[in-house]
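This report concerns only the one structure given below.
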Protein chains: 2
Amino acid sequence: MDTTQRTEQQRSADRRRRELLEAADRVVLRDGPQASMNAIAAEAGITKPILYRHFGDKGGLYAALAKRHTDALLDSLRAALDAPAERRERVESTLDTYLAAIEARPQVYRFLMHPAEGSSGDQEFDVGKHSAPLLRRMGEELAQVIEERLDLGPGSQQLARVWGHGIVGMMHAAGDWWLGERPCSRAELVRSLADLLWGRLAAAGDRIGGPGF
Amino acid sequence: MDTTQRTEQQRSADRRRRELLEAADRVVLRDGPQASMNAIAAEAGITKPILYRHFGDKGGLYAALAKRHTDALLDSLRAALDAPAERRERVESTLDTYLAAIEARPQVYRFLMHPAEGSSGDQEFDVGKHSAPLLRRMGEELAQVIEERLDLGPGSQQLARVWGHGIVGMMHAAGDWWLGERPCSRAELVRSLADLLWGRLAAAGDRIGGPGF
DNA sequence: ACATGCATGTTACTTGCGGTAACCGCAGTC
DNA sequence: GACTGCGGTTACCGCAAGTAACATGCATGT
């Protein structure tokens, strides 16, 4: 077993895999998250069984596809999050980066958020891993940054994780809604969300009548 | 056409419909969101075409089912949200109500959040209505309450809507994560989220090194 | 040179689900 | 007693996931 040969085959297989992923990418971009394996295979110029050999099942293919985009997006977000700037500015820049991404390629976004569940494997109802992996990863990532950068006193790690997932969820839901209705510009949305995080909810005055009764 | 006769038939049909929904409910509770129409029909003691006569297609059935649970949950939330108490208390109580609900019946929760998309009807990729109707409705509801109760200055309506969807998303994502990992008690989670909304993120001090560099 | 093995590719199939067409039987009605 | 409307069934279509079995090319071991 010559190692160079081995790596040669390996490299070839990897190249093929990448080609297949690119084809799948094109199809998903065109047909949305419910693209059929047949369609993807056709786009790649081959037939189904090859896809299954490479990725196991549809879930595997989708996971591989999602990982690429997720990694790319996370890189952008990390860059915004780690920039040498004031906290508020960093927060706004991160929000804007995310929103710009989903605005630029909504199909990819939708694919990442709704990775065509089901796939016939979810027999027993496992409570974990409901939401898309992207959301979880973003949440954990943000939690880590928060915990590294901020001084939150005792229980900081737990608090940071809650906040990480919470803030990501806020960004996601607001972004999803905004993408559908486009009620304002991106900049306004960013500003409103940052204001929310900056405690304007608590600081706002009551309207006539007050909170009681 | 006797009207009493008409209503008699109507009532009968409605009763049947309700029975079918209850059966569907049981199955979804058991098998998760990907329960098959066959299974639901079997549980109801009948066969598929009847389901289709009553609900049109799977989407229709699921929509009807979702509406019931969504309405019920929204009622609870409204009660917590409109209680005569301090704002922070109301917020915490609302968060807790939501989390208690998803904790008590995670299957229902999952069903509401991932209403088994696809259904063969989504040919063209329409960007709108990505997330579950429940999220949207909660967001709008909360937005309305915020706008009614708080004095946010100019542009208040838009701000309220952004916040409504944002806060709901925060609650949802944090709740989803919490439900999967159970890293802390419900009360702690509620407190942490309320703290986030109360601006503790902005108020926290920097850790060694500061924000710049 | 030849058989061997292995990766790549194909056709053709099974299974299972959403959805539908056509038929069945029983009330009540004229 | 034939006619009609409604609750119900069987049997089917189309389509997508996933698989089995077969074909082919290319490097290797002897």
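The values are calculated or read from the model by the stated rules, or taken from the named source; none is laboratory data. Predicted model, so just to flag it, every value in this text is computed and none were measured. Glycine also receives a Cβ, built like all others from the backbone with ideal geometry; neighbour counts cover every protein chain displayed.
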Exercise. Identify all residues within segment A:16-43 that are among the hydrophobic types (A, V, I, L, M, F, W, C), more than 9 Å from DNA strand C (Cβ to nearest atom) and part of a helix (DSSP H, G or I); write none if there are none.
Key: A:Leu21, A:Ala23, A:Ala24, A:Val27, A:Val28, A:Leu29, A:Met37, A:Ala39, A:Ile40, A:Ala42
Practice problem: Output the residue which, of all residues in segment A:129-165 that are in a helix (DSSP H, G or I) and in contact with a Ser or Thr (Cβ under 8 Å, 6 or more places away or on another chain), is nearest to B:Cys184 (Cα to Cα). | Solution: A:Gln158
Quiz item: Among all residue pairs at least 6 apart or on different chains, which show Cβ distances below 6 Å where the first residue, located in segment A:175-196, is without any contact (Cβ under 8 Å) to a residue 40 or more places away in the chain and at the interface with chain B (Cβ under 8 Å from one of its Cβ atoms) and the second is assigned to a helix (DSSP H, G or I) and not basic (Lys, Arg)?
Solution: A:Trp177/B:His165; A:Cys184/B:Gln158; A:Ser192/B:Leu159; A:Ser192/B:Val162; A:Leu196/B:Trp163; A:Leu196/B:Gly166
Quiz item: With respect to the numbered conditions (1) in contact with a Lys or Arg (Cβ under 7 Å, 6 or more places away or on another chain); (2) more than 18 Å from B:Leu95 (Cα to Cα); (3) surrounded by fewer than 17 Cβ atoms within 10 Å (Cβ to Cβ), which one is the sole condition not fulfilled by B:Gly180?
Solution: (2)
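Just one of A:Gly118, A:Gly59 is over 25 Å from A:Glu188 (Cβ atoms), part of a loop (DSSP other than H, G, I, E, B) and at pLDDT below 95; which is it?
Numbers: A:Gly59 fails: part of a loop (DSSP other than H, G, I, E, B).
After applying the criteria, what remains is A:Gly118.
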Exercise. Within segment A:92-99, identify whether any single residue is within 16 Å of DNA strand C (Cβ to nearest atom) and surrounded by 20 or more Cβ atoms within 10 Å (Cβ to Cβ), and answer yes or no.
Key: no
Exercise. Consider B:Arg53 carefully, then state whether it is within 16 Å of DNA strand C (Cβ to nearest atom) and either over 30 Å from A:Asp206 (Cβ atoms) or in a helix (DSSP H, G or I) (or both).
Key: yes
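Find the residue count for segment A:15-74, including only residues that are of a type in the set (S, T, N, Q) and closer than 19 Å to A:Val108 by Cα. Lay out the reasoning, then the answer.
Within segment A:15-74, the subset of a type in the set (S, T, N, Q) is A:34, A:36, A:38, A:47, A:70.
Then drop every residue that is not closer than 19 Å to A:Val108 by Cα, which leaves A:34, A:36, A:70.
Adding up the residues that qualify gives 3.
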